[in-house]
Amino acid sequence: ALVAEEARGVELERFERAQALFPSPRLHFNIAQTLNELGRPLEALDHYERFLRDVKPEESPALRQRAQEQVFWLQGAIAQVEVQCSVLDAQVTIDGKPAGLTPLEQPIRLMPGPHAVVVSKVGYEQQIIEIALRAGESVTKRFRLPTEEEGATTRRAVQRAEEARRAAEERLRQADEAARRRREHARWRLRTSGWIVGSVGAASLLTAAVLGGLAVGE
């Protein structure tokens, strides 16, 4: 398998050199086939589409049919995301690789799985989202880039809201603590009252017993 892959890699280099020296629309088909065999569907799909676009239907009907079939299957095996942005000429980066400036001419093709999309421009707050794409899925992600001043204002507002939330939680905690202390104090008073009543009762019984003893003696 490794030898076959190396052979395909050599073949791909040969096709690419030939395309650079003597550009031919038909070579796109050969390049696409080799890329597909090497497990590089995104690049293969691009070359299949270039072959279909540049070669007339009557020139190679059999190859066009095969290319069209491959395009159909590859489109179902990959995913794509359309990036829309509120700001012109913002840099779009996907998984650390530049994808172009907004507005992008077409959706970005990606392999299925997780991806990180970053949109940035000088003077604006950078926006980052993480997406998980499935094979054949096509999604649209919209980005609003606030200015740095807007971002700073938003952060201050969020900070004030967080401080207010913490202060409210602290007030509730203090109120709960005060209520707990009042309940404990009330229970202590009840216990103390019980002790006093018990003591008074015991003293009364003792007094009655003494008086009763005296009466019997007399």
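Odds and ends about this structure:
- When volume of the Cα convex hull per residue in Å³ is computed from the coordinates, the matching label among (i) 253; (ii) 167; (iii) 132 is (i).
- The order of the peptides 107-117, 173-183 by mean Cβ neighbours within 10 Å, most packed first, is 107-117, 173-183.
- Residue-by-residue Karplus 3J(HN,Hα) for the stretch 46-62, coefficients 6.51, -1.76, 1.60, Hz, glycine and proline x: 4, 6, 4, 5, 5, 5, 5, 6, 9, 9, 5, x, 6, 7, 9, x, 5
- Long-range amide H partners of I108 with built H, under 5 Å: V81, E82, V83
- With Cα atoms, 0 to 90° folded angle of helix 148-217 axis to the chain main axis: 20 degrees
- Backbone geometry of the stretch 139-144 corresponds, through the Karplus equation with coefficients 6.51, -1.76 and 1.60 at θ = phi - 60°, to 3J(HN,Hα) couplings of 10, 10, 10, 9, 10, 10 Hz, x marking Gly and Pro.
- Cα centroid of the stretch 131-186 to Cα centroid of the stretch 1-72, whole Å: 53 Å
- Here K56 is the anchor, and the aspartates and glutamates within straight C-alpha reach of less than 18 Å, apart from those fewer than 8 places off in the same chain, are D46, E69.
- Heavy atoms of I129 accessible to a 1.4 Å probe, total area in Å² rounded to 10: 50 Å²
- Taking the Cα centre of the stretch 1-83 as origin and assigning +1 to Lys and Arg Cβ atoms and -1 to Asp and Glu Cβ atoms, the resulting dipole is close to 220 debye.
- Antiparallel %, DSSP beta bridges [both residues in the stretch 2-150], to 5: 75 percent
- Against the chain, whose longest principal axis is taken from its Cα atoms, helix 2-21 shows a tilt of about 60°.
- Cα-based shape type of the stretch 1-54, given that a ≥ b ≥ c are square roots of the gyration tensor eigenvalues and the cut on a/c is 1.5: oblate
- Accessible area per residue (1.4 Å probe, heavy atoms of protein chains only) ranks E125, E169 as E169, E125, with the largest value leading.
- When the surface is traced with a 1.4 Å probe over the full set of protein chains, L172 keeps roughly 110 Å² accessible.
- Partners for K121 among lysines (Cα-Cα distance below 23 Å; same-chain residues under 8 apart left out): K97, K141
- Relative contact order (%) - the chain, alpha-carbon pairs under 8 angstrom, separation at least six: 13 percent
The values are calculated or read from the model by the stated rules, or taken from the named source; none is laboratory data. The model shown is predicted, which means the values in this text are computed figures rather than measured ones. Note: ideal-geometry Cβ built from the backbone for every residue, glycine included; neighbour counts use all protein chains shown. Calculation scope for accessible area: heavy atoms of the full protein, side chains included, ligands and nucleic acids excluded. Shrake-Rupley method; radii C 1.70, N 1.55, O 1.52, S 1.80 Å.
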